[in-house]
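Chemist: This is the structure, below, for whatever I ask next.
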Amino acid sequence: MRVLIAYLSYSGNTQEVAELIKEDCRHHNFIVDIHRIGIDAPVKPSDYDYIFLGTFTWGEGTTPDEVKDFILEIGYKPNNIAVFGTGDTQFGGDEQFCLAVDKLVKFYNSPWRGLKIEQSPRGSQEKLIFQWLGGVFNHVTNFA
Ligand SMILES: Cc1cc2nc3c(=O)[nH]c(=O)nc-3n(C[C@H](O)[C@H](O)[C@H](O)COP(=O)(O)O)c2cc1C
């Protein structure tokens with residue numbers, strides 16, 4: 001199983017989620033490539049069985065420009081994109097919490113619900129990530 005984790009992170013929260021996803025995937029012997037959006041060389045999405053796309057949410061529920069550029073760079077809508085993100089309910093409350101995640105799930109018509117984490121995932125929210133991954137890899141043999 002070959003997995004791409006592409007993410008954008010300014011202050012490290014979304015990166016922490018990406019790293020936990022990476023650890024769990026490697027633990028299950030998947031091959032994992034990391035793509036730091038806006039930094040690393042372009043990727044070839046068709047090389048991957050699963051693509052994890054991670055973003056924070058910006059002013060009033062906005063998707064960051066770098067993520068929009070990444071979407072254009074991909075140039076089509078792969079059907080194997082799982083979306084995760086971090087946000088903060090202090091900005092706009094529940095309505096705008098991780099809204100970029102909802103927007104990307106809809107845009108890609110993702111088969112999986114988006115994963116939303118409030119700021120840093122370390123601690124009690126870590127289990128939300130592993131539960132969510134269990135759902136994404138639901139039909140993969142031996143993934144528990
Ligand atoms: C100017 C500004 C606007 C923000 N707007 C939102 C928002 O609308 N919704 C949300 O859930 N989080 C919002 N946030 C919170 C960030 O998405 C959150 O801190 C996120 O974890 C940052 O990710 P990063 O550490 O990977 O950069 C905002 C943060 C800043 C600084």
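Chemist: Quick one: count up the residues across region 98-123 that are within 15 Å of the ligand (Cβ to nearest atom) and within 23 Å of Gly134 (Cβ to Cβ).
Modeler: The number of residues fulfilling the criteria is 15.
Chemist: Out of region 86-117, which residues are surrounded by 16 or more Cβ atoms within 10 Å (Cβ to Cβ) and acidic (Asp, Glu)?
Modeler: Residue satisfying the conditions is Asp102 alone.
Chemist: I'd like to verify a number: residues in region 31-83 that are of a type in the set (Val, Ile, Thr), surrounded by fewer than 20 Cβ atoms within 10 Å (Cβ to Cβ) and closer than 16 Å to Leu8 by Cβ, how many?
Modeler: The total comes to 6.
Chemist: Can you work out which of the residues in region 48-100 that are without any contact (Cβ under 8 Å) to a residue 40 or more places away in the chain and in a strand (DSSP E or B) is nearest to Leu4 (Cα to Cα)?
Modeler: The extreme case among them is Ile81.
Chemist: Just to be sure before I move on: is Gln131 farther than 18 Å from Asp49 by Cα, assigned to a loop (DSSP other than H, G, I, E, B) and out of contact with any helix residue (DSSP H, G or I) (no Cβ under 7 Å at 6 or more places or on another chain) in the structure I sent?
Modeler: no
Chemist: So, one more: Where residues in region 118-132 are among the charged types (D, E, K, R) and exposed (fewer than 14 other Cβ atoms within 10 Å of the Cβ), which of them is farthest from Val67 (Cα to Cα)?
Modeler: Per the stated criteria, the residue is Lys127.
Chemist: Next question, about the same structure. Which of (1) aliphatic (A, V, I, L, M); (2) closer than 15 Å to Met1 by Cβ; (3) free of Cβ contacts under 8 Å to residues at least 24 places away in the same chain does Leu133 not meet, given it meets every other one?
Modeler: Here Leu133 clears every test but (3).
Readers should treat all values here as calculations from the given coordinates under stated rules, not as data from a laboratory. Source: prediction; values computed, not measured. Every residue, glycine as well, gets a Cβ built from its backbone with ideal geometry; the counts of neighbours run over all protein chains shown.
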